[in-house]
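The values are calculated or read from the model by the stated rules, or taken from the named source; none is laboratory data. Only a predicted model underlies this, so the values are computations on that prediction, with no experimental measurement involved. Glycine also receives a Cβ, built like all others from the backbone with ideal geometry; neighbour counts cover every protein chain displayed. Please note that ligands, DNA and RNA were not included when accessible areas were found on the heavy atoms of the full protein model with its side chains. Shrake-Rupley method; radii C 1.70, N 1.55, O 1.52, S 1.80 Å.
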Amino acid sequence: MAMNILILGSGGREHVLGWKLKQSPKCGKLFFAPGNGGTASLGTNLDMNPEVVNTKLVDEINYFCRHNDVEMIVIGPEDPLAQGLADRLAKPGRIIFGPEAAGARLEADKAWAKQLMRAAAIPTAEAKIVDNYEAAVAYIETREHGLVVKASGLAKGKGVIVCDTPAQALDAVKLIMVDRAFGDAGNQVILEEKLNGQELSILALVDGHNIFVLEPAQDHKQAYEADKGPNTGGMGAYTPTPLLTEDLRSIIERQVLVPVVDALKRDNANFKGVLYAGLMLTPGGPKVLEFNTRFGDPEVQALMMRLKGDLVDIMIATAQGTLDKVSIDWDKRYCCCVVMASGGYPGPYEKGHLILGLDEVAKLPDIKVFHAGTKQSGKEILTNGGRVLNICAMGKTLAQAQEKANAACDMIQFKGAHFRRDIGYRVM
Ligand code: AMP
Ligand code: GLY
């Protein structure tokens, strides 16, 4: 029997998850809350805001699900997870994809996550946790090198400032703790040793006890080519990456994934959902930069392009604790996902610009465009966010995939559009 599914969120992650779920014979009607200009072509967009979890939202979702026979709810973004939406929507017979708040804390409270990593001896960057400005300044003044300054709470992927000098770190701490650029998310700050190396995203499905590691991906966080400029939510990703050797995979499983799931269990968090380790591959081995507790965006766009299994089955197995019975096949080709962003992103940007060229790109083989910050207005698609579109291309080699994705980006126009042509360059 096909099952109706509600996906919460409005980004490229939610568009690609809907696209993949829809390929399953077990997927009935799809609903997105609120969705975007792309999800509207897969199902129905609902006027809801899942970012702020309160009784009104929970009632709205429950009412909608009851009247539309929705049996499965997929929670895409971190904010509702951290606020306990999965806990509040849980009921017998309903499948929720996404961890409860106790597990989502791993992403939402970086200071707590750092302490958990230390206690479980998980390799991670050295760090000092401070909860007031004076203490932060005093610590930075003892340092001679670069530092990474992180707001402990959720800040839409913008709460991390990589500083090359102590002077920059002082500015960053002032921005977070005095100017309160990220509000309460900056009440605690992590002052972290700056690590060098390649970054690797390892995403695993966890069903409470089984850990199912997905194919490795590499994200490109900086806004401009050659990894210059400010941090963003991610400007592009590709998969697979040759960075993950068999040895490294078993080190990451043994030293990172297994101990973190065990540590969460000791804390009474029965983690079910996506566990995402952002790692730096340093000369001294892999070290955790952060954990996320949901699919990475844009990593998941590239991963879903290669996934050959039935995503409905996979999500049910994750929620029901039967991942040990799942096997997943992957397209052996590479996928390169390039993010087209609004002019000014990750800083302030304009919205409402007309997007041209989508129909032409839709005719190309091996290419798929997922919408992130877009909205439909009549027959037109307009920009509606910082990261606007995710252009995914498949290729026999990474270079081919990148070339095809870039060529497709060149066919799409909107005012101020910018993207990186070098996604994957660090291994090419
Ligand atoms: P996070 O959200 O903690 O993953 O940080 C976002 C990005 O900041 C990472 O993907 C890295 O590019 C960078 N970053 C975070 N922590 C460090 C660190 N300790 N050393 C160097 N770069 C870092
Ligand atoms: N691409 C990084 C993230 O989703 O946080």
* Any chance you could count how many residues in region 309-354 are open to solvent by less than 10 Å² (accessible area, probe 1.4 Å) and under 23 Å from Arg421 (Cβ atoms)? => 8
* Qualifying positions in region 30-45 - in contact (Cβ under 8 Å) with a residue 40 or more places away in the chain and over 23 Å from Leu356 (Cα atoms) -> none
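More than 26 Å from Gly285 (Cβ to Cβ), open to solvent by less than 50 Å² (accessible area, probe 1.4 Å), within 15 Å of ligand 1 (Cβ to nearest atom) and assigned to a helix (DSSP H, G or I): which single residue out of Ala102, Ala185 fits that description? Spell out how you get there, then give the answer.
Numbers: Ala102 fails: within 15 Å of ligand 1 (Cβ to nearest atom).
Among Ala102, Ala185, only Ala185 is more than 26 Å from Gly285 (Cβ to Cβ), open to solvent by less than 50 Å² (accessible area, probe 1.4 Å), within 15 Å of ligand 1 (Cβ to nearest atom) and assigned to a helix (DSSP H, G or I).
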* Cβ-Cβ under 9 Å pairs, at least 6 apart or on other chains, region 232-250 side on the phi > 0 side of the Ramachandran plot and within 14 Å of ligand 1 (Cβ to nearest atom), far side of a type in the set (A, V, I, L, M, F, W, C) and part of a helix (DSSP H, G or I) -> Gly236/Ala302; Gly236/Ala405
* Structure fact -> Counting only residues in region 128-154 that are within 9 Å of ligand 1 (Cβ to nearest atom) and among the aliphatic types (A, V, I, L, M), the one farthest from the chain's Cα centre (by Cα) is identified as Leu147
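Whether any residue in region 83-96 is of a type outside the set (Ser, Thr, Tyr) and within 16 Å of ligand 1 (Cβ to nearest atom) is what I want to check.
Keep residues of region 83-96 that are of a type outside the set (Ser, Thr, Tyr), which gives 83-96.
Going one step further and asking which of them are within 16 Å of ligand 1 (Cβ to nearest atom), we end up with none.
No, that holds for no residue.
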* Asked: If you check Pro286 against the conditions, is it open to solvent by 20 Å² or more (accessible area, probe 1.4 Å) and more than 12 Å from ligand 2 (Cβ to nearest atom)?
  -> no
* To do: Tell me, yes or no, whether region 196-204 has at least one residue that is within 11 Å of ligand 1 (Cβ to nearest atom), more than 20 Å from the chain's Cα centre (by Cα) and on the phi > 0 side of the Ramachandran plot.
  => yes
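Taking the residues in region 288-313 that are in a strand (DSSP E or B) and touching a helix residue (DSSP H, G or I) at 6+ places or on another chain (Cβ under 9 Å) as candidates, determine which candidate is farthest from ligand 1 (Cβ to nearest atom). Please lay out each step first, then the result.
First pass over region 288-313, keeping only residues in a strand (DSSP E or B): 288-292, 307.
Next, only the ones that are touching a helix residue (DSSP H, G or I) at 6+ places or on another chain (Cβ under 9 Å) stay: 288, 290-292, 307.
Working: Val288: 9, Glu290: 3, Phe291: 9, Asn292: 8, Leu307: 23 Å.
Among residues in region 288-313 that are in a strand (DSSP E or B) and touching a helix residue (DSSP H, G or I) at 6+ places or on another chain (Cβ under 9 Å), the one farthest from ligand 1 (Cβ to nearest atom) is Leu307.
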* **Subset of region 200-234 that is among the small types (Gly, Ala, Ser) and under 30 Å from Asn270 (Cα atoms) - its residue that is nearest to ligand 2 (Cβ to nearest atom)** => Gly234
* **Tabulated pairs, region 261-290, first among the aromatic types (Phe, Trp, Tyr), second within 16 Å of ligand 2 (Cβ to nearest atom) and open to solvent by 20 Å² or more (accessible area, probe 1.4 Å), C-beta under 9 angstrom, 6+ apart or interchain** => Tyr276/Glu290; Tyr276/Arg294
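Considering each residue of region 1-14, count those that are open to solvent by 10 Å² or more (accessible area, probe 1.4 Å) and out of contact with any Asp or Glu (no Cβ under 7 Å at 6 or more places or on another chain), and give that number.
Taking region 1-14 first, the residues open to solvent by 10 Å² or more (accessible area, probe 1.4 Å) are 1-4, 10-11, 13.
Keeping just the survivors that are out of contact with any Asp or Glu (no Cβ under 7 Å at 6 or more places or on another chain) gives 1-2, 10.
So the count comes out to 3.
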* Asked: Considering only residues of region 188-199 that are part of a strand (DSSP E or B) and more than 22 Å from Gly103 (Cβ to Cβ), which is nearest to ligand 2 (Cβ to nearest atom)?
  -> Glu199
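Restricting attention to region 263-273, does a residue exist that is crowded, with 22+ Cβ neighbours inside 10 Å and of a type in the set (Lys, Arg)?
Keep residues of region 263-273 that are crowded, with 22+ Cβ neighbours inside 10 Å, which gives 264, 271-273.
Cutting the leftovers down to of a type in the set (Lys, Arg) gives us 272.
Within region 263-273, one or more residues are crowded, with 22+ Cβ neighbours inside 10 Å and of a type in the set (Lys, Arg).
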* **Residues (in a helix (DSSP H, G or I) and touching a residue at least 24 places away in the same chain (Cβ under 8 Å)) located in region 152-171** => Pro166, Ala169, Leu170
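Are any of the residues in region 263-276 in a strand (DSSP E or B), farther than 29 Å from Lys396 by Cβ and away from ligand 2 (no atom under 16 Å from the Cβ)? Working first, answer last.
Narrowing region 263-276 to residues in a strand (DSSP E or B): 272-276.
Adding the requirement that they be farther than 29 Å from Lys396 by Cβ leaves 272-273, 275.
Checking which are away from ligand 2 (no atom under 16 Å from the Cβ) leaves us with 272.
Yes; the residues of region 263-276 include at least one that is in a strand (DSSP E or B), farther than 29 Å from Lys396 by Cβ and away from ligand 2 (no atom under 16 Å from the Cβ).
The rows are residues; the columns are (1) over 26 Å from Pro286 (Cα atoms); (2) not β-branched (Val, Ile, Thr); (3) not in a loop (DSSP other than H, G, I, E, B).
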{"site": "Glu71", "(1), (2), (3)": "yes, yes, yes"}
{"site": "Arg88", "(1), (2), (3)": "yes, yes, yes"}
{"site": "Pro92", "(1), (2), (3)": "yes, yes, no"}
{"site": "Ile96", "(1), (2), (3)": "yes, no, yes"}
{"site": "Leu106", "(1), (2), (3)": "no, yes, yes"}
{"site": "Ile122", "(1), (2), (3)": "no, no, no"}
* Asked: What is the one condition in (1) within 14 Å of Glu290 (Cβ to Cβ); (2) assigned to a loop (DSSP other than H, G, I, E, B); (3) more than 13 Å from ligand 1 (Cβ to nearest atom) that Leu116 does not satisfy?
  -> (2)
* Structure fact -> Checked region 384-409 for anything open to solvent by 10 Å² or more (accessible area, probe 1.4 Å) and out of contact with any Gly (no Cβ under 9 Å at 6 or more places or on another chain); matches are Lys396, Thr397, Gln400, Asn406, Ala407
